[in-house]
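The values are calculated or read from the model by the stated rules, or taken from the named source; none is laboratory data. Being a predicted model, the structure only gives us computed values, none of them experimental. A quick note on method: Cβ atoms are made from the backbone with ideal geometry, for glycine too, and the neighbour counts reach across all protein chains shown.
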Amino acid sequence: MTEEKIDPHLNLIMNFGKIKIYMVDGSLVRNKIYIDFVMGGHDLIYPFIPRNEIWIDDNFKDDIPETEAIILHELIERRLMEKGMKYSDAHALASVVEVKWREKNFNNVNGMPSAEIVPIDQLKVDGGNGENLNRMTQQQLEALKKSIQRWGSIVPIITNKDIAAQFKR
């Protein structure tokens, strides 16, 4: 008797570097492979997902913003795990980013500052007058730089040039 081959792949959503992101038949995955498959997952969590693949449950196929949020979460979580972070920590960080993304995209916040990538060597300690609650010490800044060098710039560092200008001497 041969074992039935189960292929839940429905369609390729996108390629992201070496990663292939597929919409899969979530019901088929839950009924035939793993009952706790919910929303999405990737090869570094689930042994049944082929190498360098992320699967997205087709229950979200008609909800593009929801699908985007799930893809964002899975990409971040997978990248952190690939760099050596354990699942629970990678999942927690990916969830933080996902929540921020959802706040921006689902609450239709206006006036959100644009994002930019800044080289690590351009990060500096806040030179304000002490009223900034997010102020870092030099030691915290160095730890942040080391973290970015090790894990990459996954969680954005949020600054506001208009507010920062108030504190310039």
For this session: Give the residue, chosen from I54, I70, that is within 18 Å of V99 (Cα to Cα), outside any loop (DSSP other than H, G, I, E, B), among the hydrophobic types (A, V, I, L, M, F, W, C) and touching a strand residue (DSSP E or B) at 6+ places or on another chain (Cβ under 6 Å).
Result: I70
Problem set entry | Matching option when the condition is assigned by TED's automatic domain parsing to the domain that holds F60 and in contact with a His (Cβ under 6 Å, 6 or more places away or on another chain), among Y22, Y46, Y34 | Y22
Exercise. Pick from the stretch 1-21 the residues that are over 15 Å from R79 (Cα atoms) and aliphatic (A, V, I, L, M): which of them is modelled with the lowest pLDDT?
Worked result: M1
Seminar exercise, completed: Note on the stretch 22-48: residues in contact with a Leu (Cβ under 9 Å, 6 or more places away or on another chain) and either of a type in the set (S, T, Y) or at pLDDT below 95 (or both) are Y22
